[in-house]
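The values are calculated or read from the model by the stated rules, or taken from the named source; none is laboratory data. None of these values were measured; they are calculated from a predicted model. Using ideal geometry, Cβ is built from the backbone for each residue, glycine included, and neighbour counts are taken over all protein chains shown. Ligands, DNA and RNA are stripped out before the accessible areas are found, and what is left, the full protein with its side chains, is counted by its heavy atoms. Shrake-Rupley method; radii C 1.70, N 1.55, O 1.52, S 1.80 Å.
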Amino acid sequence: TAYEISLGLVGSEMCIRDRILTAMFLVTGVFWVMNRLLLKRDEGVIEFLASLGPIFGLVLVLRSFVLEPFQIPSKSMVPTLKVGDFIVVNKWTYGLRLPVLRNKFFDVGSPQRGDVVVFFPPHESRYFIKRLVGLPGDKISIINGTLFVNNEMIEQTKSDIEPGNSRSVVMSETLGIKQFAIQKNLRPSRLSQNFSATVPKDHFFMIGDNRDNSSDSRVWGPVPKDRIVGKAVARWMFWDEFFSVPSFSRAGSID
């Protein structure tokens, strides 16, 4: 098909890792409490397990509330993000959520048009990453490969970035205060020919920068605000193959 199937950052594996990390923190935390209050041992297996409690706790706090690293496995955000990019997601930007349960308990800010957002789509529980193009109440249209927000055409200009194949073109697009590159087919795909939708209250409309090769809100609908995870803010490494040498040439902020 024209649309990718594997579009999560690292799929369900990251959700499993979150649960494993939380479980390890709880187990070692119990040993830490036991050793500090009851056993008070300075050596042995119990003391070793107890010493891991604060370490797992610190990692859990950082991953849950501050920053979390991800790796990009799909082409849905080309040319902004490539397969093999390692990125950092700011989980503080949009508010704090409980690990695993994901319930928000402290509000900080709201997603803005043009943000590159990590979230859980409405139809499954794995991490996805897309560009936010529609806020609650917006009318989103894509006609012949051109994006319209509230009936206003979003201007596209030719970019100096080379497309990945002869069937595509890379354009520069400005949405709000954000300017970024998108890739689209010379012949728009079905969902880029004549699509229109209105974003419901407390929802956001997400689209991949690789406009004709992305399964996104055009397929499975707008994303509820309680499924937003954080904002992708930077690339820090590129490593697409296990036996290749990691590169830092793409390191920098994410437009």
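For the reader, a short list of remarks on this structure follows.
- Any chance VAL89 is open to solvent by less than 20 Å² (accessible area, probe 1.4 Å), closer than 16 Å to SER214 by Cα, β-branched (Val, Ile, Thr) and touching a residue at least 12 places away in the same chain (Cβ under 8 Å): no
- Pick from region 212-223, criterion farther than 21 Å from ASN185 by Cβ and part of a loop (DSSP other than H, G, I, E, B), ranking: least open to solvent (accessible area, probe 1.4 Å): GLY221
- Of ASP209, ASP226, all but one fail to be at pLDDT below 95, out of contact with any helix residue (DSSP H, G or I) (no Cβ under 9 Å at 6 or more places or on another chain) and either surrounded by fewer than 24 Cβ atoms within 10 Å (Cβ to Cβ) or farther than 26 Å from VAL108 by Cα (or both); the exception is ASP226.
- Filter result for the condition that a residue is of a type outside the set (Phe, Trp, Tyr), open to solvent by less than 30 Å² (accessible area, probe 1.4 Å) and assigned to a helix (DSSP H, G or I), over LEU49, LEU21, LEU38: LEU21
- Residue match in region 106-118 (condition: farther than 26 Å from LEU62 by Cβ, open to solvent by less than 10 Å² (accessible area, probe 1.4 Å), in contact with a helix residue (DSSP H, G or I) (Cβ under 8 Å, 6 or more places away or on another chain) and not polar (S, T, N, Q)): no
- Checking PRO200 against (1) part of a loop (DSSP other than H, G, I, E, B); (2) within 21 Å of PRO136 (Cα to Cα); (3) open to solvent by less than 40 Å² (accessible area, probe 1.4 Å), the condition it does not meet: (3)
- Taking region 184-238 as the range and being small (Gly, Ala, Ser) and under 23 Å from GLY84 (Cβ atoms) as the test, the residues that pass are GLY208, SER214, SER215, GLY230, ALA232, ALA234.
- When restricted to residues that are part of a loop (DSSP other than H, G, I, E, B) and open to solvent by 80 Å² or more (accessible area, probe 1.4 Å), region 236-255 contains 8.
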